[in-house]
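Each value in this text was obtained by applying a stated rule to the coordinates, not by laboratory testing. Keep in mind that this is a model prediction, so the values were computed, not measured. Cβ coordinates were reconstructed from backbone atoms using ideal geometry, including for glycine residues, and neighbour counts include every protein chain displayed.
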Amino acid sequence: MNRILKALLIVLIIFIAGCYYDNEEKLYSEISTSCDLNNVTFAATVKPILQASCFACHSNSTATSSGNGIRLENYTDVQNFAKNGILMGVVKHSSGYLPMPDGGGKLSDCEINQLQKWIDNGTLNN
Ligand code: HEC
């Protein structure tokens, strides 16, 4: 085998190894970021998301001082903002809505999809 062929072979092996590594990385990240949309409930999914990212300003005790009086702790309050479209508007940062969390990072795609799923399922108190 001449030198050029050897060099080409080495480049090819590195290239193939590189592709394999990329695939493995992609596969791993897909597994680690899997999002459960099958068991979405108000108590186990929606409320914990709001608690983590919104209660600092919108719980029953913080709403008056930090959340402009907007409460997102009780089911009926959340249901109202879900049904009039404001909840998804603010978390998706849609134009015409105040982007929420106020001054914080946007919710993850998974969290946004889970909120949407709960709404699509009928905003149940489950
Ligand atoms: C740091 C405080 C803070 C956090 C955290 C926060 N908000 Fe707000 N939110 C506000 C304030 C203040 C307002 C009043 C609107 C204004 O004038 O900015 C508001 C308004 C709203 C409104 C009413 C919008 C309208 O057009 O009537 C909704 C709905 C809302 N927030 C949802 C959320 C949700 C959902 C989260 C969590 C993902 C969240 N907020 C996190 C402070 C916060």
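Ordering of 76-83, 92-99, 53-60, 104-111 by packing is 53-60, 76-83, 104-111, 92-99, highest average first (other Cβ atoms within 10 Å, averaged per residue). Here LYS117 is the anchor, and the lysines within straight C-alpha reach of less than 16 Å, apart from those fewer than 8 places off in the same chain, are LYS47, LYS83, LYS92. Note that the stretch 64-126 shows a convex hull volume over its alpha carbon atoms of 94 Å³ per residue. The 3J(HN,Hα) values that the Karplus relation (6.51, -1.76, 1.60; θ = phi - 60°) gives for the stretch 56-69 are, in residue order, 3, 10, 10, 7, 4, 8, 9, 4, 5, 7, 10, x, 6, x Hz. Gly and Pro appear as x.
If R₀ is 30 angstrom, what is the calculated FRET efficiency for the pair SER66 and ASN125, using the beta carbon separation as r and rounding to 0.05?
Numbers: r = 26 Å, r/R0 = 0.86.
For SER66 and ASN125, the calculated efficiency is 0.70.
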